[in-house]
1. Residues in region 17-60, backbone N under 14 Å from the label point at Ile99 (7 Å along the Cα-to-beta-carbon vector): list them, ranges by number please.
2. Between Lys107 and Arg128, what is the FRET efficiency for a Förster distance of 35 Å, r being their Cβ-Cβ separation, to the nearest 0.05?
3. Can you list the lysines whose alpha carbon sits under 24 Å from that of Lys41, skipping same-chain ones fewer than 8 residues off?
4. Could you give the length gained on full extension between Leu28 and Arg52, defined as 0.36 nm per residue of separation minus the Cα-Cα distance, in nm?
5. If I take R0 = 30 Å and measure r between the Cβ atoms of Asp86 and Thr60 in this structure, what FRET efficiency does the formula 1/(1 + (r/R0)^6) give, to the nearest 0.05?
6. Please compute the contact order of the chain in relative form: average sequence separation of alpha-carbon pairs under 8 Å and at least six residues apart, divided by the residue count, as a percent.
7. Given the Cα-Cα distance of Glu10 and Glu115 and 0.36 nm per residue of separation, how much length would full extension add, in nm?
8. Which entry in (1) 35, 21, 13; (2) 22, 18, 12; (3) 38, 19, 10 is this structure's computed semi-axes √(5λ) of the Cα gyration tensor in Å?
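Please treat every number below as a calculation from the coordinates, not as lab data. Predicted, not measured: the structure shown is a model, and the values here were computed from it. Cβ placement follows ideal geometry from the backbone for every residue including glycine, while neighbour counts extend to all protein chains displayed.
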Amino acid sequence: QERLNAQLPEGLRIHHCGEAKADSKRPLPDAITYRVKLTDKRFSLRELEQFRNNETVMITRTGRKGKNREVDLCEVVDQMELKSEDTLDITLRNTDGVILRPAEVLKTIFSLEAEPLSRARILKTAVR
């Protein structure tokens, strides 16, 4: 610990450190909030309302091992708030150990192509 502190810039200090277990996994968060800003497209209020009025919106997600899994976006999306025409806050829930990426969700809800989503600024703003 003291050797690490000697290497750190002034103002930063390590107060405690310990050995991590090799087999320990971090628990998945219950939900993650993102702020998404599109650079050359706009979010559609009509499509947002259309999503909110649906009871289920199913997507198929292919896992790492090639297994397909049906996921209901209505269960995954905890909150969604349009801040402006090009900015949206979205909170995604952990459902059965699956946390979707915001681009996966927004592609379906707003019928967005891969190109505008690849240029979007996506900032994680909260984890709970």
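1. 25-35
2. Values: r = 24 Å, r/R0 = 0.69.
Efficiency, rounded to the nearest 0.05: 0.90.
3. Qualifying lysines at Cα under 24 Å: Lys83, Lys107, Lys124.
4. Working: separation 24, 0.36 × 24 = 8.64 nm, distance 2.60 nm.
Stretched out fully, the Leu28 to Arg52 stretch lengthens by 6.0 nm.
5. On the way: r = 28 Å, r/R0 = 0.95.
Rounded to the nearest 0.05, the efficiency is 0.60.
6. Working: 176 pairs, mean separation 43.4, N = 128.
It rounds to 34 percent for the chain.
7. Working: separation 105, 0.36 × 105 = 37.80 nm, distance 4.31 nm.
33.5 nm is the gain from fully extending Glu10 to Glu115.
8. Derived directly from the coordinates: (1).
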